[in-house]
1. Choose one answer from L132, L144, L211: the residue with the largest mean-square fluctuation in a GNM of the chain with alpha-carbon springs under 10 Å.
2. How do K192, K206, K57 stack up against each other in accessible area, from largest to smallest, with a 1.4 angstrom probe?
3. Relative to the Cα centre, what is the charge dipole magnitude of the range 131-195, using +1 at the beta carbon of each Lys and Arg, -1 at the beta carbon of each Asp and Glu, and rounding to the nearest 20 debye?
4. Compare the peptides 172-184, 103-115 by average per-residue count of other Cβ atoms within 10 angstrom and give them in order, highest first.
5. Straight-line reach from K119: which lysines fall under 26 Å, measuring Cα to Cα and dropping same-chain residues less than 8 apart?
6. How far, in nm, would the chain grow between A21 and A189 when pulled straight, counting 0.36 nm per residue and subtracting the alpha carbon separation?
7. Principal axis extents for the range 21-146, Cα atoms only, whole Å, descending order, please.
8. Counting helices only, and only those DSSP H runs with n ≥ 4, report the 222 nm mean residue ellipticity of the chain as the sum of -39,500 (n - 2.57) divided by its residues, in deg cm²/dmol to the nearest 500.
Amino acid sequence: MTFRILFTLILVTSSILDCEATTFTITNNCQYTIWPATLTIHGNTPSLSGFELASHKSQTVVSERPWTWEGKIWARTYCNYAGTGCSTGDCGNLNCSNDATITPPATIILFNINVDVGKDEYAISLVDGFNLPVRVFPKGSGCLETNCPVDANAVCPNALAVRNDSNAIIGCKSACDALNQPQYCCTGAYAKNCKPTNYSEYFKSKCPHALSYPKDDRSNCFFTCPTGSDYIITFCP
């Protein structure tokens with residue numbers, strides 16, 4: 001009996017590890033070009049780490065060996081012809097290296113593929129501010145969509161607003177990035193007891209299921225799906 005259980009466990013684990021790569025289909029539903037990017041924290045680098053995506057076009061990104069990948073997906077806006085010098089979400093190059101720094105503000109999707117055996121975890125984060133609305137639709141049994149569909153730039157608090165040369169708001173920084181104070185960054189005396197602020201509540205009111213500050217409640221923001229599922233990510237849904 002013990003051998004049979006062990007043999008079954010080996011077969012199940014092997015099935016999980018041998019499953020096909022995870023694919024992320026990224027769609028630009030905005031009225032302008034964006035520059036999506038991926039950043040690997042752990043695991044193999046996906047097939048694309050940065051690219052230009054015209055309005056109403058889609059691109060598939062493949063992450064090999066899905067049981068190892070932890071990373072971020074986001075989109076840059078208002079970049080130059082080479083995909084650099086972006087006004088929001090810049091990473092220094094068209095192809096973002098794994099040690100790149102994301103320049104806020106940026107709406108970021110967090111992924112941990114196979115965080116536990118057979119389970120993916122994903123969330124939308126506004127901890128680094130907001131630049132684009134987004135929806136994450138998982139193609140897996142019993143999986144739930146998560147989204148941040150509202151344009152938080154429209155009425156961004158003035159202290160957080162990023163403006164272009166025409167004074168139009170093109171991004172909304174987090175209070176930590178804009179004001180660099182411990183109560184907003186959850187540092188110093190606020191490291192263990194950090195509460196929501198008026199600024200984080202602004203983001204939460206727009207996107208209730210997105211992380212709005214560094215110590216936000218993860219249980220309300222992270223969703224799970226079986227490993228081997230694919231994901232459709234739509235900017236400006």
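1. The residue with the greatest mean-square fluctuation here is L144.
2. Of K192, K206, K57, the descending order of accessible area is K192, K57, K206.
3. Charge dipole of the range 131-195: 220 debye, to the nearest 20.
4. Top of the packing list down: 103-115, 172-184.
5. Straight-line reach from K119, under 26 Å: K72, K139, K215.
6. 56.1 nm
7. Taking the Cα atoms of the range 21-146, the three principal extents are 41, 28, 26 Å.
8. -4000 deg cm²/dmol
The values are calculated or read from the model by the stated rules, or taken from the named source; none is laboratory data. Predicted model, so just to flag it, every value in this text is computed and none were measured. Virtual Cβ from ideal backbone geometry, glycine too; neighbours counted across all protein chains shown. The protein model used for the area step is the full one, side chains on, heavy atoms only, and it has no ligands, DNA or RNA in it. Shrake-Rupley method; radii C 1.70, N 1.55, O 1.52, S 1.80 Å.
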